[in-house]
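Enquirer: Can you keep this structure in mind? I'll have questions shortly.
The values are calculated or read from the model by the stated rules, or taken from the named source; none is laboratory data. Quantities reported herein were computed from a predicted structural model and do not represent experimental measurements. Ideal geometry is used to build each Cβ from the backbone, glycine not excepted, and the neighbour counts take in all protein chains shown. In case anyone asks, the SASA skips ligands and DNA or RNA and just uses the protein heavy atoms, side chains included. Shrake-Rupley method; radii C 1.70, N 1.55, O 1.52, S 1.80 Å.
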Amino acid sequence: MEIQSSTLYVVPTPIGNLADITHRSIDVLSKVELILCEDTRVSQKLLKHYNIDTPTKSYHMHNEHRTVDRLVEQLQQGMSMALISDAGTPAISDPGFLLVRACLQSGVKVTSLPGPTAFVPALVQSGFPTDRFVFEGFLPHKKGRKSRLSQLAEETKTIVLYESPHRILKTLAQCAQVMGPDRQASISRELTKAFEETVRGTLEELEAHFTAHTPKGEFVLVIQGKN
Ligand code: SAM
């Protein structure tokens, strides 16, 4: 495969199982001139595993605003770059949107490769309708949290949320409060990893389950839409 100059390749990386990367993604990462990484140390593990020695540079939420213009300039001058995050698809609850938008506004080509992302397997194995769903990413931690939850309580499509282990119980309790304790939901944790698990039940049952079993790992919460 030939790499195109003046192109940003957005490349999804595994969310736990190193084997979950496409041949094309490995090819792109091996051949571009520069890989922008959310955390270069985290990505080194993957790059080493696949013998990729392309130069890397940090691109994360704390430097994206001040680095985006220079990166677009370099791309306009002919460079080829790949953007990766710590896990999954860049720009999905991860840095990426700002750079993609700036590239497109400046006439730089963006090619987004298909690959791992946590919400798709969680949604599919929840058993809830997949024809229409809303992806909400992380709920706001403080400001706007209550009003977002009230909006979601009326949502009729399947709802997909990302959550951290130390907030999952609070989120389940608040969802049960606004949506009712009997609303069906599904939690997938540690997807693609050795201790992958999906627990299904009412919001109340899930809260009880994770009160009895200390929440560990990474979580996707899928909630059935309002009937
Ligand atoms: N860009 C990633 C994607 O495409 O899914 C998401 C990055 S976001 C910073 C991290 C969140 O994704 C975690 O808090 C969790 O909600 C979800 N996540 C990532 N990996 C996961 C996994 N292996 N199992 C379950 N959830 C996961």
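Enquirer: Just name the residue that is nearest to the ligand (Cβ to nearest atom) out of those in the stretch 58-91 that are in contact with a Cys (Cβ under 7 Å, 6 or more places away or on another chain) and without any contact (Cβ under 8 Å) to a residue 40 or more places away in the chain.
Expert: The extreme case among them is 58.
Enquirer: Continuing with this model, one more query. Among the residues of the stretch 113-126, what is the count of those that are near the ligand (Cβ under 7 Å from one of its atoms) and of a type in the set (Val, Ile, Thr)?
Expert: 1
Residue by residue, here is whether (1) under 25 Å from residue 2 (Cα atoms); (2) of a type in the set (Lys, Arg); (3) in the same structural domain as residue 87 (by TED's automatic domain parsing) holds:
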| site | (1), (2), (3) |
| --- | --- |
| 39 | no, no, yes |
| 43 | yes, no, yes |
| 46 | yes, no, yes |
| 49 | yes, no, yes |
| 53 | yes, no, yes |
| 57 | yes, yes, yes |
| 66 | no, yes, yes |
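Enquirer: Inside the stretch 78-125, can you point out the residues that are among the aromatic types (Phe, Trp, Tyr) and open to solvent by 70 Å² or more (accessible area, probe 1.4 Å)?
Expert: Hit for the stretch 78-125 is 97, nothing else.
Enquirer: Test each condition in (1) touching a Leu at 6+ places or on another chain (Cβ under 7 Å); (2) open to solvent by less than 50 Å² (accessible area, probe 1.4 Å); (3) not charged (D, E, K, R) for residue 128 and report the one that comes out false.
Expert: Condition not satisfied by residue 128: (1).
Enquirer: Take the stretch 127-154 and flag every residue that is within 30 Å of residue 26 (Cα to Cα) and within 14 Å of the ligand (Cβ to nearest atom).
Expert: 135, 136, 137, 138
Enquirer: Right, something else. Scan the stretch 24-41 and tell me whether some residue there is in a loop (DSSP other than H, G, I, E, B), free of Cβ contacts under 8 Å to residues at least 12 places away in the same chain and open to solvent by 50 Å² or more (accessible area, probe 1.4 Å).
Expert: Within the stretch 24-41, not a single residue is in a loop (DSSP other than H, G, I, E, B), free of Cβ contacts under 8 Å to residues at least 12 places away in the same chain and open to solvent by 50 Å² or more (accessible area, probe 1.4 Å).
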